[in-house]
Amino acid sequence: MKIEKVNSATKMQRITSHSHVKGLELDEGGLAKPVALGFKKMAGSAVLLAGPPATGKTGLALAIAQELCSKVPFCRMAESEVYSTEIKETEVLMENFRRAIGLRLKETKEVYEGEVTELTPWLKTAKGTKQLKLDPSVFESLQKERVKAGDVIYIEANSGAVKRQGRCDTYATEFNLEAEEYVPLPKGDVHKKKEVIQDVTLHDLDVANAWPQGGQDILSLMGQLMKPKKTKITDKLRGEINKVVNKYIHQGVAELVLGVLFVDEVHMLDIECFTYLHQALESSIIPIIIFASNRGNCVIRGTEDITSPHGIPLDLLDRVMIIRTMLYTLQEMKQIIKIRAQTEGINISEKALNHLGEIGIKTTLRYTVQLLTPANLLAKINGKDGTEKEHFEEISELFYDAKSSVKILADQQDKYMK
């Protein structure tokens with residue numbers, strides 16, 4: 001039986017720059033739909049998304065993450081992480097590579113499972129009810145998981161770890177609207193043995209084994225994460241972990257899950273990083289690597305006069321599949337803005353949508369989307385239910401896009417300090 005952790009019943013989610021991106025879709029013929037929100041499958045070791053700013057490169061990478069299974073690792077690496085004064089550049093790259101490679105562990109555990117009827121606690125299944133006598137530390141775990149009566153949980157008999165699976169489906173009609181996941185009442189006895197599946201990344205195993213007290217058994221590594229006295233993660237330690245991982249894969253206890261590593265603004269990396277990436281692509285076990293760049297021909301960082309397309313060395317560029325991203329048309333711009341407005345719960349009129357589309361063509365989609373929230377607030381201040389064209393006209397006079405700002409600086413450069 002597969003166990004998945006369910007978070008708190010209250011759904012708290014901030015709307016970010018790409019909240020409206022839910023994935024990509026392909027039609028029956030395998031072609032991309034003109035406007036889509038789902039993504040099917042992608043293969044290959046390295047891909048470069050190349051195009052001007054605000055052409056959806058980051059959104060495309062996040063769409064891949066949305067379409068992948070929730071247990072498939074997706075690691076987004078900022079180029080600023082590489083230039084740390086404390087850690088070597090190649091060490092940062094190695095760490096992110098291992099964050100994007102997962103391990104699915106299967107283990108049969110002795111557990112107490114059922115619906116919580118009282119927080120003493122009493123657990124109920126379809127077959128019976130049982131009261132448990134728990135250690136105070138287990139009660140703390142119940143509080144951290146925000147367990148309440150009606151929740152379905154299981155408690156590991158050996159470690160006392162508490163996992164909340166969701167709310168019992170008998171409460172499904174309790175509210176009309178609720179951000180909750182409902183699960184059926186467990187069958188069988190409260191005290192039982194069941195197969196538990198845990199998903200970790202290789203970096204999680206590195207961190208767990210860096211604690212001196214633990215790391216003897218790969219299936220108990222997650223219990224070591226809260227212990228003190230961390231030691232440095234070395235290549236020797238990673239090598240030992242790789243041996244244990246290979247052992248469990250061959251025994252059928254674990255399964256390797258290759259995820260996605262997204263490197264935005266790849267032209268910011270230097271020649272040393274590119275050399276390391278070139279070597280890493282030779283490996284047989286690597287995640288899918290997605291690069292993104294908005295540069296044309298430019299000097300490779302770390303060199304004085306070596307110019308290359310997208311700021312990437314030609315030998316590495318030859319190993320990647322290049323996907324060109326293009327500027328949006330007016331119709332595409334309007335459709336994206338409409339989806340974005342729906343995501344933010346903003347009621348926008350057709351005239352306002354057309355006006356925003358025209359602004360987007362002159363500036364960028366990113367700037368246009370940023371106008372939605374202040375214009376909506378202005379409409380509410382004026383007592384309007386919907387956001388109209390005049391609201392966006394007033395807001396656009398308050399905020400500048402990058403092109404307008406550059407023009408103002410060029411015209412009035414004598415008024416600014418140098």
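The values are calculated or read from the model by the stated rules, or taken from the named source; none is laboratory data. Keep in mind that this is a model prediction, so the values were computed, not measured. Cβ coordinates were reconstructed from backbone atoms using ideal geometry, including for glycine residues, and neighbour counts include every protein chain displayed. For the accessible areas, the whole protein counts, side chains as well, though only heavy atoms, and no ligand, DNA or RNA atoms are used. Shrake-Rupley method; radii C 1.70, N 1.55, O 1.52, S 1.80 Å.
Table for the structure above
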{"quantity": "Computed E for ALA172/ARG366 - FRET, C-beta separation, R0 41 angstrom, nearest 0.05", "calculated": "0.50"}
{"quantity": "Under 5 Å, built H, 5+ apart or other chain: amide partners of LYS127", "calculated": "GLY188"}
{"quantity": "Separation in nanometres of the label points that stand 7 Å from Cα toward Cβ, at THR108 and LYS351", "calculated": "7.1 nm"}
{"quantity": "Long-range amide H partners of VAL257 with built H, under 5 Å", "calculated": "GLY102, LEU103, ARG104"}
{"quantity": "Candidate residues HIS391, HIS250, HIS191: accessible-area rank, largest first, probe 1.4 Å", "calculated": "HIS250, HIS191, HIS391"}
{"quantity": "Which listed pairs, of LYS130/LYS194; LYS133/LYS192; LYS133/LYS193; LYS88/LYS232; LYS71/LYS334; LYS109/LYS232, have C-alpha distances above 24 Å, in listed order", "calculated": "LYS71/LYS334; LYS109/LYS232"}
{"quantity": "Length gained when the stretch LYS403-TRP122 is fully extended (0.36 nm per residue, less Cα-Cα span)", "calculated": "94.7 nm"}
{"quantity": "Separation in nanometres of the label points that stand 7 Å from Cα toward Cβ, at ILE249 and ILE285", "calculated": "0.3 nm"}
{"quantity": "Long-range amide H partners of LEU48 with built H, under 5 Å", "calculated": "PHE291, MET321, ILE322, ILE323"}
{"quantity": "Loop chymotrypsin sites (Phe, Trp or Tyr not before Pro), the stretch 361-409 (other Cβ atoms within 10 Å of the site Cβ: 15 or fewer; DSSP)", "calculated": "PHE399, TYR400"}
{"quantity": "Under 17 Å from LYS338, Cα to Cα: aspartates and glutamates that are on another chain or at least 8 residues apart", "calculated": "GLU350, GLU358, ASP385, GLU388"}
{"quantity": "Sparsely packed GluC sites (Glu not before Pro) within the stretch 320-418, loop by DSSP, other Cβ within 10 Å at most 12", "calculated": "GLU397"}
{"quantity": "Cross-link partners of LYS236 among aspartates and glutamates (Cα-Cα below 15 Å; sequence separation of 8 or more within a chain)", "calculated": "GLU91, GLU95, ASP206"}
{"quantity": "Accessible-area order (highest first, 1.4 angstrom probe) of the listed residues GLU91, GLU140", "calculated": "GLU140, GLU91"}
{"quantity": "Stretch gain in nm, segment LEU330-GLN131, where the contour uses 0.36 nm per residue and the Cα spacing is subtracted", "calculated": "65.2 nm"}
